[in-house]
Amino acid sequence: MCESTCNGPKSDLTLLENVLKEYEGVPGSLITILQKTQEIYGFLPRDVIYHIAGRIGVTPAEIMGVATFYAQFRLEPIGKYLIMSCQGTACHVNGSERIFAVMSEYLGIDNGQTTSDGLFTLEKVACLGCCSLAPVIMINGEAFGRLTPESVIEVLKDIQKKEGAL
Amino acid sequence: MRRIIIGEGSCGLAAGAMKVHKAIEALMNGSDEFKLGSTGCIGMCFLEPIVDLYEDDKLVKRLVHVGAEHADSIVDAVKTGDYSKVDDITILPEDEEFLNRQTRIALRHCGIIDPTSLEDCIAADGYAGLKKMLATMSPEDVIEEIKTSGLAGRGGAGFPTWFKWNAARQNPGENKYLICNADEGDPGAYMDRAVIESDPHALIEGMLIGAYAIGATEMIVYVRAEYPLAIINLERAMAQAREANLLGNNILGSDFSCDMRIKAGAGAFVCGEETALIESLEGKRGMPRLKPPFPAACGYMNEPSNINNVETYANVGWIINNGGAAFAAMGTEGSKGTKVFALTGKVKKSGLVEIPMGNTLRDVIFGIGGGIKDGKEFKAVQMGGPSGGCIPANLLDTIIDYKALGATGAIMGSGGMVVMDEDTCMPGIAKFFLDFTASESCGKCVPCRIGTKRMQQILTDIVSGNGKEGDVELLEELALSVRDSSLCGLGQTAPNPVLTTIRYFRDEYDAHIRNQKCPAKECTALLTYSIDEEKCKGCTMCAKKCPVQAITGEKKAPHVIDPEKCIRCGQCKTVCRFGAVVVE
C-alpha cells in the first residue's frame with residue numbers, strides 16, 4: 001500500500017466483496033468492476049482502486065488509465081442530484097449554452113462542480129439522444145426537455161423544495 | 001377490446017408521458033372495461049406525449065401533446081366510444097403525413113407493439129425471419145440473401161454487410177463473436193436508441209441471423225450507459241427470448257445455439273470505432289488498433305468478430321423474411337433499402353424518419369419535416385455528426401445515397417440530420433464540433449490529438465474576434481493533414497465540419513476575421529447592443545433586468561446601454577416589448 005492511500009479517508013471495502021468474487025477471474029471485466037464500484041460508492045475512491053488492483057492483479061496505474069479515459073468514472077464524490085446538461089448538436093442550435101449558463105449562475109457552480117450543500121453536481125455531457133426535445137437536461141436518469149432559461153430554474157427549485165433546501 | 005396505448009420511449013417520457021399514464025390509471029380504478037398499455041417511440045417526437053386509442057387492432061384516434069389534465073376526457077371517450085370528446089387534442093391531418101410518407105423497415109414495429117411483450121412482437125411477424133432461416137437456409141444462403149439485399153452498414157461507413165459476414169465466416173477461429181455497436185455517440189442521432197427501446201426483439205432476431213451466418217459462439221451488445229431504458233428493455237427481451245427458446249441452446253429445437261450479453265459502455269465517443277470498441281469490451285482504454293488485421297480476422301479476444309450497428313441488424317429479420325430482392329427493390333443503384341434519419345434542430349416537425357434511399361434532402365426537411373420553424377430561412381443541414389458536414393441550401397436536391405452525399409463533403413453517417421437556420425453561425429458550428437472531437441480524441445496518434453486541438457484554437461480565435469488573415473488557409477492545411485494521417489475514423493473525418501463550412505460559408509469566416517462581425521448574430525464577443533431612441537418608450541424593463549446595470553435612463557425617456565459594462569447576455573432584448581434593442 002502506498003502512502004497516499006493511507007492518508008485518505010478509509011472506504012468500507014467489504015461492500016465490494018461480492019463484485020470482486022463475481023468478476024475476479026473473468027478476463028476483460030475491469031470496466032464492469034469499476035462501474036459496479038461506482039454504483040456502490042458513488043465514485044471511485046482511491047483506496048478502493050488500490051484494493052481492486054491488488055485483487056485482480058493489475059497495477060493501480062492501469063486502473064487509473066481506464067478510469068480517466070471514460071467520461072462515466074469519477075474520482076470525486078458527487079451531489080445527491082447529478083444534472084447532466086446535454087451539449088449535443090440539436091441542443092446546441094436550440095440554446096443549450098444559455099441553459100447551462102443559467103443553471104451555473106443559479107447554483108453558483110461551474111462544470112463538474114458540486115454545490116456546497118452537496119445537493120447538485122452540474123456536468124456538461126455529450127448527446128443524451130433526446131434531440132427532438134432540445135434543449136435537454138437529465139437529472140438522476142430523468143430527462144427534462146424543451147427547456148427555457150425560466151423553466152430549467154423551476155425544475156431545480158422543485159428539487160430544492162422537495163429536499164427542504166428552499 | 002378498447003385500448004389506450006401511450007408512447008413511452010425516452011422522448012415521450014421526457015415530455016411527460018408517465019404523468020398521463022398515472023392519471024389515466026388512477027381514473028380506471030382497477031376497472032377492466034378497457035386496457036391501458038404502452039408502446040415505444042412512435043417517432044413523431046414533436047407531438048409528444050402521444051396517446052393512441054385502439055379498438056382491437058385498429059387505431060381509431062391518435063392524440064397529441066397530451067397532458068394529465070386530458071385524462072378525464074380520454075377515459076370518458078374510451079368508455080362511451082364517443083371519440084369526438086377528444087377532438088381538441090387529435091392529431092392534425094397534415095401532421096399524420098409525417099408518418100404516412102415514410103417506409104418503415106428497421107422501425108417496422110416501433111410505436112406499434114408493446115416492447116415489453118414477446119407475444120406482441122411475434123404477432124407482428126417478429127422472429128419470422130429466424131424461423132424461416134432455421135427451417136430452410138444454410139449460413140451460406142443467409143449471406144447470399146444479404147448480398148442480394150445490398151444492405152450496407154448503417155453506422156456510418158456504409159460497408160457491405162454480406163462482405164463482413166462472409167469474411168468472419170471464412171476466417172478460422174476457436175470462438176467467433178457477433179457484436180452490436182449500440183454506442184450511438186453521434187450528437188443528433190438517436191435511432192438506435194429508439195429501436196432497442198421500442199423493438200428489442202428485432203435486434204435480437206437480426207443478431208441471431210448474423211450469428212448463424214458467421215458461426216458465432218457468442219453475441220455481445222455494447223450499449224451506451226446514457227441509454228438506461230434501452231438496457232432495461234433489452235435485458236427483459238433477452239430473458240423472454242431465452243424462456244421461449246429463441247435464444248440460448250438449440251434454438252427452436254435446431255442444433256444452432258448462441259447466447260447474448262450486454263456490455264454497458266462507460267462514455268467515450270471513440271468507442272464507436274470498431275477496434276476501439278473491441279479494446280473497451282476487453283476492459284481497456286478504448287484506443288483504436290491498427291488495421292489490418294480487421295476484426296473479421298482478429299477481433300475480440302483475438303478471434304474473428306463481426307461488428308454492425310443496431311439499425312443494420314434491425315433490417316436483417318425483415319430481409320430474411322421478405323427476401324433480399326424486396327429490400328433491394330428500394331433505393332438507388334449504389335444504396336439499397338431504407339435509411340432512418342433523426343430529423344432535429346430548427347425544423348418544424350422533428351422525429352425519426354425512415355425513407356427509401358434516393359429521396360432528396362428537400363423531401364425530408366421540407367416534405368416530411370414541414371420546413372423551418374418560426375418562419376426563418378433554411379441555412380444548412382448538418383449530416384453525419386462530428387464526422388460529417390454542413391450541406392447548404394443550393395444542394396437541397398441532393399439525393400440520399402452514400403455516393404451523392406459523400407460528394408457534398410458530408411456523409412450519410414449514422415443518420416443525424418440537424419437543420420440550421422439563419423441564426424446559426426457556421427464557424428461557430430465548426431468550433432462546436434472541433435470542441436467535441438478535440439475532447440473525444442483518444443490521444444493515441446499525433447495528427448488527431450494535436451491537429452484537432454490546433455483547429456479548435458484557431459476556430460475559437462475566429463469566433464471571439466481574434467481571427468487573423470490567413471487563418472482559413474491554415475485551417476484548410478491542418479484539416480487535410482489530420483484527415484490524411486490520422487489512425488482511425490475519428491481523426492480522418494474530424495476535419496469534415498471545418499472543410500464543409502469553409503467550402504460553403506467562406507463569407508461567414510471572412511466576416512468574422514475582416515469585419516469583426518457575426519452574420520448570424522450568435523458570437524456574443526462580436527455583438528454590440530444598443531437602444532433605438534425612436535422605439536424606446538422608457539418603460540425601464542431592460543434597466544431592471546440588466547444583470548450588470550449597464551442600462552441607464554429616466555422613466556418615459558429613451559434608455560442607453562453602456563458598451564463597456566454590457567456583457568451581451570441578451571436579456572434586455574428578450575424583455576423589450578417594443579423591439580427597441582438593436583443587436584449588430
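The values are calculated or read from the model by the stated rules, or taken from the named source; none is laboratory data. All values derive from a computational prediction rather than experimental measurement. Here the Cβ is made from the backbone with ideal geometry for all residues, glycine too, and neighbour counts use every protein chain on show.
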Residue within the range B:441-452 that is at pLDDT 95 or above, charged (D, E, K, R), outside any helix (DSSP H, G or I) and within 20 Å of residue A:89 (Cβ to Cβ) present: no
Conditions (1) modelled with pLDDT under 95; (2) in a loop (DSSP other than H, G, I, E, B); (3) over 30 Å from residue B:405 (Cα atoms): number failed by residue B:542: (2)
Any hit, the range A:25-36, residues being exposed (fewer than 12 other Cβ atoms within 10 Å of the Cβ) and out of contact with any His (no Cβ under 8 Å at 6 or more places or on another chain): yes
Residue match in the range B:350-366 (condition: surrounded by fewer than 22 Cβ atoms within 10 Å (Cβ to Cβ), closer than 22 Å to residue B:110 by Cα and within 13 Å of chain A (Cβ to nearest Cβ)): no
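Looking only at residues in the range B:41-83 that are of a type in the set (Ser, Thr, Tyr) and in contact with a helix residue (DSSP H, G or I) (Cβ under 8 Å, 6 or more places away or on another chain), which one is farthest from the other protein chains (Cβ to nearest Cβ)?
B:83
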Lone unmet requirement of (1) in a helix (DSSP H, G or I); (2) within 14 Å of another protein chain (Cβ to nearest Cβ); (3) over 30 Å from residue A:10 (Cβ atoms); (4) of a type in the set (A, V, I, L, M, F, W, C) for residue A:66: (3)
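Out of B:566, B:542, B:488, report the one residue that is of a type in the set (A, V, I, L, M, F, W, C) and under 33 Å from the mean Cα position of the chain (by Cα).
Working: B:566 fails: under 33 Å from the mean Cα position of the chain (by Cα); B:542 fails: under 33 Å from the mean Cα position of the chain (by Cα).
On inspection, the qualifying residue turns out to be B:488.
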Residue list for the range B:434-445, restricted to those being buried (at least 24 other Cβ atoms within 10 Å of the Cβ) and within 8 Å of chain A (Cβ to nearest Cβ): B:436
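What do you reckon, is residue B:122 in contact with a Leu (Cβ under 7 Å, 6 or more places away or on another chain) and not assigned by TED's automatic domain parsing to the domain that holds residue B:440?
Answer is no for this residue.
Just to verify a result, which residue in the range B:402-438, among those that are in a loop (DSSP other than H, G, I, E, B) and over 18 Å from the mean Cα position of the chain (by Cα), is nearest to residue B:269 (Cα to Cα)?
Quick first cut of the range B:402-438, residues in a loop (DSSP other than H, G, I, E, B) only: B:408-415, B:422-425.
Checking the rest, the ones that are also over 18 Å from the mean Cα position of the chain (by Cα) come to B:408-409, B:422-425.
Working: B:408: 24, B:409: 22, B:422: 29, B:423: 28, B:424: 24, B:425: 24 Å.
The residue in question is B:409.
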Failed item in (1) buried (at least 17 other Cβ atoms within 10 Å of the Cβ); (2) more than 12 Å from chain A (Cβ to nearest Cβ); (3) within 14 Å of residue B:500 (Cα to Cα), with residue B:448 passing the rest: (3)
The range B:521-537: number of residues that are in contact with a Gly (Cβ under 7 Å, 6 or more places away or on another chain) and crowded, with 17+ Cβ neighbours inside 10 Å: 3
Long-range neighbours under 8 Å by Cβ, at least six apart or interchain, first residue charged (D, E, K, R) within the range A:144-158, second crowded, with 16+ Cβ neighbours inside 10 Å: A:146/A:133; A:146/A:134; A:146/A:135; A:146/B:15
All positions within the range B:555-576 that are closer than 11 Å to residue B:536 by Cβ and charged (D, E, K, R): B:556
Number of the condition not met by residue A:105 [criteria: (1) more than 9 Å from every other protein chain (Cβ to nearest Cβ); (2) surrounded by fewer than 20 Cβ atoms within 10 Å (Cβ to Cβ); (3) not basic (Lys, Arg)]: (1)
Enumerated strands (runs of 3 or more DSSP E) restricted to the range B:211-314, each holding at least 3 residues that are touching a strand residue (DSSP E or B) at 6+ places or on another chain (Cβ under 7 Å) and within 11 Å of chain A (Cβ to nearest Cβ): B:259-264
Selection from the range B:175-208 of residues that are modelled with pLDDT of 95 or more and part of a loop (DSSP other than H, G, I, E, B): B:175, B:176, B:199
Residue under evaluation residue A:78, criteria (1) outside any loop (DSSP other than H, G, I, E, B); (2) over 24 Å from residue B:287 (Cα atoms); (3) more than 13 Å from chain B (Cβ to nearest Cβ), criterion not met: (1)
Scan of the range B:22-43 for residues that are surrounded by fewer than 24 Cβ atoms within 10 Å (Cβ to Cβ) and under 28 Å from residue B:102 (Cα atoms), ordered by number: B:36, B:37, B:38
Test: residue in the range B:322-337 that is touching a residue at least 24 places away in the same chain (Cβ under 8 Å), within 23 Å of the chain's Cα centre (by Cα), within 14 Å of another protein chain (Cβ to nearest Cβ) and surrounded by 24 or more Cβ atoms within 10 Å (Cβ to Cβ): no
Cβ pairs under 6 Å, 6+ apart, first in the range B:481-505 and without any contact (Cβ under 8 Å) to a residue 40 or more places away in the chain and outside any helix (DSSP H, G or I), second surrounded by 24 or more Cβ atoms within 10 Å (Cβ to Cβ) and not β-branched (Val, Ile, Thr): none
Helices (runs of 4 or more DSSP H) contained in the range B:1-115 and holding at least 3 residues closer than 21 Å to residue B:236 by Cβ: B:10-15, B:17-28
Cβ-Cβ under 7 Å pairs, at least 6 apart or on other chains, the range B:178-197 side among the aromatic types (Phe, Trp, Tyr), far side assigned to a helix (DSSP H, G or I): B:190/A:131
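When you go through B:302, B:315, B:306 one by one, which is the residue that is of a type outside the set (A, V, I, L, M), assigned by TED's automatic domain parsing to the domain that holds residue B:151 and surrounded by fewer than 21 Cβ atoms within 10 Å (Cβ to Cβ)?
Working: B:315 fails: surrounded by fewer than 21 Cβ atoms within 10 Å (Cβ to Cβ); B:306 fails: surrounded by fewer than 21 Cβ atoms within 10 Å (Cβ to Cβ).
After ruling out the rest, the residue left standing is B:302.
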Residues of the range B:15-40 that turn out to be in contact (Cβ under 8 Å) with a residue 12 or more places away in the chain and within 14 Å of chain A (Cβ to nearest Cβ), as a count: 5
Only listed residue being hydrophobic (A, V, I, L, M, F, W, C), surrounded by fewer than 22 Cβ atoms within 10 Å (Cβ to Cβ) and more than 14 Å from chain A (Cβ to nearest Cβ), chosen from B:395, B:405: B:395
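Scan A:97, A:163, A:154 and give me the residue that is within 11 Å of chain B (Cβ to nearest Cβ) and either under 19 Å from the mean Cα position of the chain (by Cα) or farther than 30 Å from residue A:29 by Cα (or both). Before the answer, list the steps.
Details: A:163 fails: within 11 Å of chain B (Cβ to nearest Cβ); A:154 fails: within 11 Å of chain B (Cβ to nearest Cβ).
So the residue among A:97, A:163, A:154 that is within 11 Å of chain B (Cβ to nearest Cβ) and either under 19 Å from the mean Cα position of the chain (by Cα) or farther than 30 Å from residue A:29 by Cα (or both) is A:97.
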Residue in the range A:117-136 that is farthest from the chain's Cα centre (by Cα), counting only those that are more than 10 Å from chain B (Cβ to nearest Cβ) and aliphatic (A, V, I, L, M): A:119
